[in-house]
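Derivation of every value follows stated rules applied to the coordinates shown; laboratory data play no part. Every value quoted in this text rests on a predicted model; they were computed, and no experiment measured them. In this analysis, Cβ positions are derived from the backbone assuming ideal geometry, glycine residues included, and neighbour counts consider all displayed protein chains.
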């Protein structure tokens with residue numbers, strides 16, 4: 001080694017030829033030592049399973065013309081696989097990456113197996129190409145994860161099923177022609193799928209997004225949720241479509257300077273859970289009916305001083321306003337009916353004002369009930 005902290009050249013080839021036990025013995029006794037394979041051509045099936053890389057390792061622009069196995073390998077420093085070409089299967093199952101990782105512009109001609117791998121810091125697969133199956137199921141990403149402008153050219157698909165993202169997950173500009181699976185994936189922050197292109201089935205079933213990271217880009221969170229909503233709609237995933245609509249509206253209200261917009265979003269959330277709850281608007285409608293019945297009764301008692309006013313009659317009036325059709329409405333408002341018995345032949349303007357307010361509230365609540373029923377049957 002020209003530098004005692006860098007293993008490269010002939011000494012690297014000799015140590016690698018001695019197998020895993022010799023390699024790991026060297027790694028144990030040389031903590032932090034760097035390894036440089038850059039621009040190496042591997043002409044046979046390579047076995048790195050269980051190997052320990054004690055420091056930075058550089059596979060930049062290497063070409064693997066046969067299968068390569070890094071399963072359960074441990075990388076304690078920065079790992080560079082940028083511009084690598086994997087002509088056959090590349091296996092990184094259960095691999096542990098403790099430093100930053102780059103697969104920038106890597107090409108996977110066969111399958112890419114990263115099942116249950118662990119990336120402790122920032123990792124990048126940006127501009128990489130997958131032509132076979134790409135498996136990231138149950139993979140853990142602790143740092144910022146870049147899949148910017150990734151291409152999936154094969155039809156076998158890419159899976160992030162049950163993967164966990166503990167920092168930003170960025171997929172802008174990805175072009176994926178095969179099926180994409182994010183079922184049961186967990187995101188600490190809202191993933192970014194803006195400007196992505198999906199040509200096949202896209203699954204977001206049981207996806208979990210736990211937090212909305214504070215963002216100085218006023219449109220970012222709203223746009224991210226809007227794109228997720230579009231993807232859920234195209235996949236006919238109505239439950240997630242409504243969930244992402246919720247995120248979009250809340251993000252928009254958070255950064256909005258308009259109090260009316262904040263109030264509208266608050267009302268939509270409180271009284272209908274963004275069109276998902278039937279019970280909330282229903283019980284609100286019942287409370288409104290009883291409340292306005294009490295208001296009509298009070299008005300009748302003092303305007304025009306009718307001490308014999310019946311609360312039962314005011315309840316009928318309120319019900320007729322909530323449901324302004326059918327026999328009940330005709331009975332209430334006919335001559336000598338409950339309305340006239342309460343307010344006489346010349347009702348106070350307060351009665352008409354209260355009736356108008358109740359009518360508007362009732363229409364809104366009935367609409368929310370219908371919307372929730374529609375969404376429930378779609379889900």
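In what sequence do 74, 175, 80, 259 fall when counting other Cβ within 10 Å, fewest first?
The most exposed by this proxy come first: 259, 175, 74, 80.
Out of these labelled values of Cα Rg over 2.2 N^0.38 Å, (i) 1.08; (ii) 1.38; (iii) 1.54, which was calculated from the coordinates shown here?
(iii)
Just 102, 251, 318 to compare: in a GNM of the chain, with alpha carbon springs under 10 Å, which one fluctuates most?
318
Which of 55, 178, 267 ends up with the largest GNM mean-square fluctuation for the chain, with Cα atoms connected below 10 Å?
Fluctuation is largest for 267.
If each residue's Cβ is checked for other Cβ atoms within 10 Å, how do 205, 115 rank with the fewest at the top? Can you show the working numbers first?
On the way: 205 15, 115 18.
With the fewest neighbours first, 205, 115 line up as 205, 115.
Which value in deg cm²/dmol, rounded to the nearest 500, describes the helix-derived mean residue ellipticity at 222 nm for the chain, given -39,500 (n - 2.57) per DSSP H run of n ≥ 4 and division by the residue count?
-12500 deg cm²/dmol
Once the Cα atoms of helix 20-29 and of the chain are each reduced to a long axis, what angle between those two axes, in degrees from 0 to 90 to the nearest 10, is obtained?
80
Of the residues 330, 224, 36, which exhibits the maximal mean-square fluctuation in a Gaussian network model of the chain defined by a 10 Å Cα contact cut-off?
330
Can you pull the one-decimal nm distance between simple spin-label points at residue 298 and residue 260, each 7 Å off the Cα toward Cβ?
For residue 298 paired with residue 260, the spin-label model returns 2.9 nm.
Compute the angle between helix 220-234 and the longest alpha-carbon principal axis of the chain, please, reported from 0 to 90 degrees and rounded to the nearest 10.
90
Compute the separation of the alpha-carbon centres of the stretch 35-107 and the stretch 315-349 and state it in Å as a whole number.
81
How far, in degrees from 0 to 90, does helix 349-378 lean away from the longest principal axis of the Cα atoms of the chain, to the nearest 10?
Between the helix axis and the principal axis of the chain, the angle is about 40 degrees.
Could you calculate the contour length gain from residue 230 to residue 175, that is, 0.36 nm times the residue separation minus the distance between their Cα atoms, to one decimal place in nm?
Computed gain between residue 230 and residue 175 is 18.2 nm.
Tell me, 328, 204 in order of fewest to most beta-carbon neighbours within 10 Å? Provide the component values of the computation, followed by the final result.
Details: 328 15, 204 23.
Lowest count first: 328, 204.
To the nearest Å, what is the center-to-center distance of the stretch 358-374 and the stretch 169-215, using C-alpha atoms only?
For the stretch 358-374 versus the stretch 169-215, the Cα centre distance is 33 Å.
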